Amino acid sequence: MTPMYEIATREADDGTLEPAEHLWTPCADGTEGHGFIDYRGMHVTGLDSISGEDALYPAGFIVLGHQTWADTIEAAAAYMARVHGWRSLHLYPGDDPAVLIPRVPRAVHAHGAFLYHPHPDHPCSCEWDDTWRMAWAPDYEADVVPITAMRHPAAALKAVNIPNPDHDLFANWAP
């Protein structure tokens, strides 16, 4: 079976491939220093849009562990308040409050692998130092972490790549 994620590599001076990143367990490595906030014991962070544009606000959220939908909504609202100074989860700062958002998106239980740059044995001092990325993965992959994910209500449907339990076998709707 082919893994769902691959660790990035780079070519060393002698021409051999070496890892450029390594697996990272966020709960064991100071999550708050990596963009997570602690809200009532839950670690939550925002997800960037997959459009490739530098957005000011998150297009989605991930909460470490499998949480209820209600707790995920509270954690996402706390993230918006603490990081962006915005009290409403339904809008982005500066949006027109008259715009109707019909409902909050459903939260999803899935798993992901956190990949951290650089690899400790092969530091590179590049622009990606001290950054991480997450790749969705089935629960049987090595070193994956349970995650609850949810799109920001004001984000476009395709703004963030969150597994859809109606189509992806390795995700379930959060209760």
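The values are calculated or read from the model by the stated rules, or taken from the named source; none is laboratory data. No experiment lies behind these values; they were computed from the predicted model shown. FYI the Cβ positions are ideal-geometry reconstructions off the backbone, even for glycines, and counts take in every protein chain you see. Keep in mind that these areas ignore ligands, DNA and RNA; they rest on the heavy atoms of the full protein, side chains included. Shrake-Rupley method; radii C 1.70, N 1.55, O 1.52, S 1.80 Å.
Exposed loop sites here are GluC sites (Glu not before Pro) assigned a DSSP state other than H, G, I, E or B and surrounded by at most 13 other beta carbons within 10 Å; excluding them, the longest clear run of the chain is 54-126. How high is the FRET efficiency between Ala12 and Asp166 when r is their beta carbon distance and R₀ equals 41 Å, given to the nearest 0.05? Using R0 = 41 Å, I get an efficiency of 0.40. Taking amide hydrogens as placed 1.01 Å from N in the peptide plane, the amide H of Ala55 sits under 5 Å from those of Ser49, each at least 5 positions away in sequence or on another chain.
What shape does region 84-123 take by its C-alpha gyration tensor, where a ≥ b ≥ c are the square roots of the eigenvalues and a/c under 1.5 counts as rounded, a/b above b/c as prolate, and the rest as oblate? Oblate shape, in that a/c is at least 1.5 and b/c is the bigger or equal ratio.
Comparing Asp48, Asp71, Asp95 in a Gaussian network model of the chain (Cα springs below 10 Å), the most mobile by mean-square fluctuation is Asp95. Ordered by 1.4 Å accessible area with all protein chains kept, Ser51, Ser125, Ser88 run largest first as Ser125, Ser51, Ser88.
Charge dipole of the chain (Cα centre as origin; +1 on each Lys and Arg Cβ, -1 on each Asp and Glu Cβ, all else neutral): 1100 debye, rounded to the nearest 20. Considering only the Cα atoms of the chain, their convex hull presents on average a projected area of 11.7 nm².
In order along region 59-76, the phi-based Karplus estimate (6.51 cos²θ - 1.76 cosθ + 1.60, θ = phi - 60°) of 3J(HN,Hα) comes to 8, x, 9, 10, 10, 5, x, 8, 10, 6, 4, 4, 5, 5, 4, 4, 5, 5 Hz; Gly and Pro are listed as x. Remark: spin-label model distance Arg40-Asp96 equals 3.4 nm, labels positioned 7 Å along the Cα→Cβ axis. Each stretch of four or more DSSP H residues adds -39500 (n - 2.57); spread over every residue of the chain, this sum gives -3000 deg cm²/dmol at 222 nm.
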